[in-house]
Amino acid sequence: MKNENNNIPHQPSTIEHNSYLDMDLLRFTTAGSVDDGKSTLIGRLLYDSKSIFEDQMEAIELASEKKGDERVNLALLTDGLRAEREQGITIDVAYRYFATPKRKFIIADTPGHIQYTRNMITGASTANLAIILVDARFGIVEQTCRHSFIASMLGIPHIVYCINKMDLVDFSEVTYEKIKNDLEDFSSKLETKDVRFIPISALLGDNVVNRSENMIWYQGSTLLHTLENVHIASDHNHIDCRFPVQSVIRPQSAEFPDYRGFAGRVAGGVFKKGDEILALPSGFTSKIAAIDTMDGELAEAFAPMSVTIRLEDEIDISRGDMIVRPNNKPESTQDIEAMMCWLGNSPMQMNGKYQLKHTSRDAKCVIKNINYKLNINTLHRMEDDKDIKMNDIARITIRTTVPLFVDKYARNRNTGSFVLIDEATNATVAACMVI
Amino acid sequence: MSNYNLSHLKELEAEAIFIIREVAAQFENPVLLFSGGKDSIVCFHLAKKAFYPAKVPFPLMHVDTGHNFPETITFRDEAIAKSGVKLIIASVEDSIKQGRVAEEKGFNASRNKLQTTTLLDAIEENKFDCAMGGARRDEEKARAKERFFSHRDEFGQWDPKNQRPELWNIFNGKKQMGEHFRVFPISNWTEMDVWQYILAEKIEIPSIYFSHTRKCFVRDGIIMGKTDFVETRESEEIKDMIVRFRTIGDATCTGAVASSASTLEEIIEEVSSTRVTERGGRSDDKRSEAAMEDRKKEGYF
């Protein structure tokens, strides 16, 4: 069937030269504990990039004064809930936004204390980059390991270690080099390939937005320059074609009487008009007749685009199914091994049954085995400890009621992730990554 | 090989379309809140894109305080007529007449807070299990903590300390009978993103967003449009001013800004150089530091 809309799929040329249409989007997470300067760093990034507004500044000046703080407390910018301001801690993930002429940034500001591991994992799940703060006075501490491990486990492609509070160690190159070497040793054990180091003082602004005059021995980029230039185009998987179907578009209108398209967001690979496809779980094959959007047909679609795919043949596909290429299929399985972070308030039930959500597919599952529980500070595996409580990380084996179409999480974060839901409370109780 | 990279607007659009499609798939009876303001206009535009060439599969609803700028209502009615989508009007005036809420008194009286009762009543009456809205996390610090899929108990309350973790692009809309969800497809958009998108997509918006001459007065440093709904003090001088609105809310609590920006390009220029947040002119947020958090817990949008 012919698409009635004649619009070309791309932006009209009159506005194509506008620079904001070339800007891309970097999502990053900051992890850190009380007192390591995380909120100050975010405040500094926002302040020096002129992303704090006058009324916001007035409001936090007033609030700092009320609380009797000596300096304007930039942390008040990020702590949005009454309980957080009262206790001076970050409880939940807060999202912050700023932009430079090059990029738009989304910060997932997460609490760093071990009791908020689940919030850190939430923030990390969608991040391209993690900033991990290290106090120059103390070097690698337990929480550095924990934050690094979480960033690595959640598949964040880029880690930037900010060695902070350099002003308190006299901006010493020797101190920085020592910490950097230790971090290099340690991070070589992680999955993350792109690891960077920057000596900063968040309080004074050295190497955050502006180059430090106190550390002329440092030749690398400032933090903001790094954030603006890190290469993120290849963070998505553009190899393995995966299209989880969200819904079937059937207008049944006079204009489109026989239209049948499959709406979804590309989870991996590049789909092109004319491509041969395979539908899961049915196994039927067809060809892509068109990739539709309201702006017209597209020649190709790639992650993370939301499109509607039409096929040449009428085959049975509905929500929860997946369109892939015949020569590159995900694993179709009911037995899955995964790393899991328990998020629920009540402990995990061994042999318990849970609802499961994976891409657009719903299923139920039973927890068959806990292979080991992980001490996330030492990465020590505890094989005898089967007691899984909130914030615990474990390797588990589950069996699902219907096959899921999964890839390894390290290969594809969209098709390698799923969550478990408590059937009684409907709460999201576990975040899982396929091994 | 071509460059497989999306611009930030395209990525935000793809995310919002994904969310709107999830709502249609996961809920039985969703509704899109539509005030005629730019954020809800963008949401409606995204909803059309999400289901094209099919029609938007849910109605729109306006929680109407009755205190509107006439331009907004004219725009709303024309936009709805053009689209063929059903619009439900939930009226605060009716809630007052039925004795569900009492009108605030005094010079700063506003029906803003009363909207919560009207909204919750309308959700119950129409058996909506999900209300989508155009709220953004950059607007206000309590909203910065909000999930895309935000669970509300049977009293419509938000529990900010016990929100469901939201990981990857997996959204859990499961609920008990009587509970509902609020969903915010453009959570990750900033004011600037909205304006850039309106320009790029050539989306029509009400005329009061553009510079015009209006009878105004100044109260607590905020420029207010003179309407029949606001009582002015003798000391408050009413004069013609050249203004535009950055946000459209209830006429009693939405401030204007002095501006000569009469095109989208000029508005974008203005937004990029402005030093005050969008809601800086909203007197409803200024009632206390946690004004928004408190209203949201009760069920405000």
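Just so you know, all these numbers are worked out from the coordinates, no wet-lab data involved. For clarity, every value in this text was computed on a predicted model and none was experimentally measured. Cβ coordinates were reconstructed from backbone atoms using ideal geometry, including for glycine residues, and neighbour counts include every protein chain displayed.
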**OP:** Determine ³J(HN,Hα), in whole Hz, for all residues of segment A:241-254 in sequence, where each value follows from phi through the Karplus function 6.51 cos²θ - 1.76 cosθ + 1.60 and θ = phi - 60°; x replaces Gly and Pro.
**Re:** 6, 9, 10, x, 7, 8, 6, 9, 8, 9, x, 6, 9, 4
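Treating only the Cβ atoms of Lys and Arg (+1) and Asp and Glu (-1) as charged, compute the dipole magnitude of segment A:181-259 about its Cα centre; round to the nearest 20 debye. Intermediate results must be reported in sequence, preceding the final value.
Details: 6 positive and 12 negative charges, 22 e Å.
Roughly 100 debye for segment A:181-259.
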Original post:
Counting only residues 5 or more places away or on other chains, whose amide H sits under 5 Å from the amide H of A:Asn164 once H atoms are built in the peptide plane?
Top reply: A:Val134, A:Asp135, A:Ala136, A:Ile200
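Semi-axes, largest first, in whole Å: what does sqrt of 5 times each Cα gyration tensor eigenvalue give for segment A:242-324? Don't skip to the end; give the middle numbers.
Working: eigenvalues 62, 46, 28 Å².
Each semi-axis is √(5λ); the values are 18, 15, 12 Å.
Write down Rg/Rh for the protein assembly as shown, rounded to two decimals, with Rg from the C-alpha atoms and Rh from the Kirkwood relation over Cα pairs.
On the way: Rg = 25.8 Å, Rh = 27.0 Å.
That ratio equals 0.96.
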Original post:
Å³ per residue of the Cα convex hull, for segment A:20-234?
Top reply: 122 Å³
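Return the average number of partner chain Cβ atoms within 10 angstrom of each residue Cβ along peptide B:157-164.
Values: counts 0, 0, 0, 7, 6, 3, 6, 9.
Mean shielding by partner chains, rounded to a whole number: 4.
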**OP:** Counting other beta carbons within 10 Å of each Cβ, put A:Lys193, A:Lys67 in order, fewest first.
**Re:** A:Lys193, A:Lys67
Subject >> Long-range amide H partners of A:Gln349 with built H, under 5 Å >> reply: none
Subject >> lysines with Cα under 30 Å of A:Lys67, excluding same-chain neighbours fewer than 8 positions away >> reply: A:Lys38, A:Lys50, A:Lys165, B:Lys113, B:Lys141, B:Lys145, B:Lys161, B:Lys286, B:Lys296, B:Lys297
Original post:
For segment B:21-119, what are the per-bin percents of Cα-Cα distances with bins 5 Å wide, up to the bin holding the maximum?
Top reply: 2, 12, 20, 21, 17, 13, 9, 4, 2, 0
**OP:** Calculate the dipole size of segment A:242-324 relative to its Cα centre from +1 charges on Lys and Arg beta carbons and -1 charges on Asp and Glu beta carbons; express the result in debye to the nearest 20.
**Re:** 300 debye
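If you take each beta carbon of peptide B:45-51 and count the beta carbons of other chains within 10 angstrom, what is the mean?
On the way: counts 1, 2, 0, 1, 5, 7, 7.
Average per residue, whole number: 3.
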Subject >> Percent of C-alpha pairs per 10 Å bin, segment A:317-422, short to long >> reply: 14, 45, 30, 9, 1
Subject >> Eligible lysines near A:Lys329 by straight Cα distance, threshold 22 Å, same-chain separation 8 or greater >> reply: A:Lys272, A:Lys273, A:Lys287, A:Lys357, A:Lys408
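Taking every DSSP beta bridge that has both residues in the protein assembly as shown, what percent is antiparallel when rounded to the nearest 5? Before the final figure, lay out each step's value.
On the way: 94 of 134 bridges.
Percentage antiparallel, nearest 5: 70.
Restricting to bridges with both residues inside segment B:43-198, how much of the DSSP beta-bridge set is antiparallel, in percent to the nearest 5?
Working: 4 of 12 bridges.
Taking every DSSP beta bridge with both residues in segment B:43-198, the antiparallel ones total about 35 percent.
Taking the highest mean first, how do the peptides A:216-223, B:138-145 order by number of other beta carbon atoms within 10 angstrom per residue?
Numbers: A:216-223: 14.8, B:138-145: 23.2.
Going by the mean number of other Cβ atoms within 10 Å, highest first, we get B:138-145, A:216-223.
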**OP:** Check cross-link reach from A:Lys373 to the aspartates and glutamates: straight Cα distance under 15 Å, and skip same-chain residues fewer than eight apart.
**Re:** A:Glu337, A:Glu383, A:Asp384, A:Asp385, A:Asp387, A:Asp392
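Quick test of the membrane-span-like rule: which DSSP H helices of chain B reach at least 18 Å along their long axis (C-alpha atoms) with mean Kyte hydropathy at least -1.0? Each step should come with its number before you reach the end.
Values: long enough: B:8-26 (27 Å, 0.33); B:38-51 (20 Å, 0.36); B:70-83 (20 Å, -0.52).
Counting only whole DSSP H runs, the qualifying helices are B:8-26, B:38-51, B:70-83.
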Original post:
Which values of log₁₀ I(q)/I(0), to two decimal places, follow from the Debye formula for chain A at q = 0.06, 0.08, 0.10 Å⁻¹ with a uniform point scatterer at every Cα?
Top reply: -0.30, -0.54, -0.82
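Quick check on segment B:80-216: what does the Kirkwood estimate of hydrodynamic radius come out to from the alpha carbon pairs, in Å?
Numbers: mean 1/r = 0.0558 Å⁻¹.
About 17.9 Å for segment B:80-216.
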Original post:
Under a 5 Å amide H to amide H cut-off, with H placed in plane at 1.01 Å, what residues pair with A:Val429 once short-range neighbours are removed?
Top reply: A:Leu420, A:Ile421, A:Asp422
Subject >> Semi-axes of the equivalent ellipsoid for chain B, Cα gyration tensor, largest first, Å >> reply: 29, 25, 18
**OP:** Sort the following peptides by mean Cβ neighbour count (other Cβ atoms within 10 Å, averaged over residues), highest first: A:377-384, A:358-365, A:166-173.
**Re:** A:358-365, A:166-173, A:377-384
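Take every DSSP beta bridge whose two residues both sit in chain B, then give the antiparallel share in percent to the nearest 5. Mind dumping the intermediate values first?
Working: 18 of 31 bridges.
Of the beta bridges lying entirely in chain B, close to 60 percent run antiparallel.
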Original post:
When the Karplus curve 6.51 cos²θ - 1.76 cosθ + 1.60 is applied with θ = phi - 60°, which whole-Hz ³J(HN,Hα) does each residue of segment A:200-214 get, with x for Gly and Pro?
Top reply: 9, 10, 5, 5, 9, x, 4, 6, 8, 9, 9, 5, 6, 8, 8
Subject >> Distribution of pairwise C-alpha distances over segment A:178-298, 5 Å bins, in % >> reply: 2, 8, 11, 14, 11, 8, 6, 7, 8, 8, 7, 5, 3, 1, 0
**OP:** Quickly work out the A:Leu379-to-B:Arg233 label distance, labels modelled 7 Å from Cα along the C-beta direction, and quote it in nm with one decimal.
**Re:** 6.6 nm
Original post:
When the helix-only estimate is applied to the protein assembly as shown (DSSP H runs of n ≥ 4, each -39,500 (n - 2.57), divided by the residue count), what is the mean residue ellipticity at 222 nm, nearest 500 deg cm²/dmol?
Top reply: -7000 deg cm²/dmol
**OP:** Go through segment A:302-319 residue by residue and turn each phi into a ³J(HN,Hα) via Karplus (6.51, -1.76, 1.60, θ = phi - 60°); whole Hz please, and just put x for glycine and proline.
**Re:** 9, 5, x, 6, 9, 9, 10, 9, 9, 10, 6, 10, 7, 10, 7, 9, 9, 3
